[in-house]
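Data first, discussion second: the structure below is written as structure tokens.
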Amino acid sequence: MSKEEFLNELKSALSGLPQDDADERLLFYSEMIDDRMEEGANESEAVSGIGTVDEIVRQTLEDIPITKIVKEKITPKRRLRAWEVVLIVLGFPVWFPLIVAAGAVVLSLYIVFWSLIVSLWAIEVSLWVCLLGMAAAAAVYLFQGYALQGIAMLGAALFCGGLSIFMFFVCTAASKGMIKLTKKAAIGIKSRLIGKENAK
């Protein structure tokens, strides 16, 4: 692929983004291709070495705040006609509560999922507290001569220790998964806003 073809494809893919961000990306990748060609790569190698258009669009969506994309989308590109203003005002009692309700549902789901993650970490911490408490109790029982109770407490402490190690991996995996899901959801929302299905 030539530099011109690549930049045209990238320009088309970035068309829904704020104009200054799209121009900045185009200039950046144009200069990157030129730098690679100055280092001795031919045009095709220079273009293929910087990644695909989809990867660049995905990275760009991660970098741009969603508020900037929303502001770009809601800013009218032309002056609104009188009948459009009237429709917006008359429709406000319908569309505004629907948008607020949809936002509240999404936010509540997000909070619920993170609450589950926090609960898992709370279980992990409680297992460590139980481990320390039972180990201390085992030491006290053994010191006082109650060997059977001390051994039972020591066994329970070891059980809590093993379970806490297992829970650590579960909590870590769940947290990483939630972070990935959050990033994918943000990119999905941004790609919907700019109207680029291929940006996901």
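The values are calculated or read from the model by the stated rules, or taken from the named source; none is laboratory data. Bear in mind that the values here come from a model prediction, so they are computed numbers and not experimental data. Glycine also receives a Cβ, built like all others from the backbone with ideal geometry; neighbour counts cover every protein chain displayed.
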Restricted to the stretch 18-53 and to residues being small (Gly, Ala, Ser) and over 18 Å from ASN8 (Cβ atoms), the residue farthest from the chain's Cα centre (by Cα) is GLY40
Residue satisfying all of: in the stretch 131-179; aromatic (Phe, Trp, Tyr) and part of a helix (DSSP H, G or I); surrounded by the most Cβ atoms within 10 Å (Cβ to Cβ) among these = TYR141
Hey, SER30 assigned by TED's automatic domain parsing to the domain that holds LEU10, surrounded by 12 or more Cβ atoms within 10 Å (Cβ to Cβ) and out of contact with any Leu (no Cβ under 8 Å at 6 or more places or on another chain) or not = no
Restricted to the stretch 99-130 and to residues being surrounded by 13 or more Cβ atoms within 10 Å (Cβ to Cβ) and of a type in the set (Ser, Thr, Tyr), the residue farthest from PHE166 (Cα to Cα) is TYR110
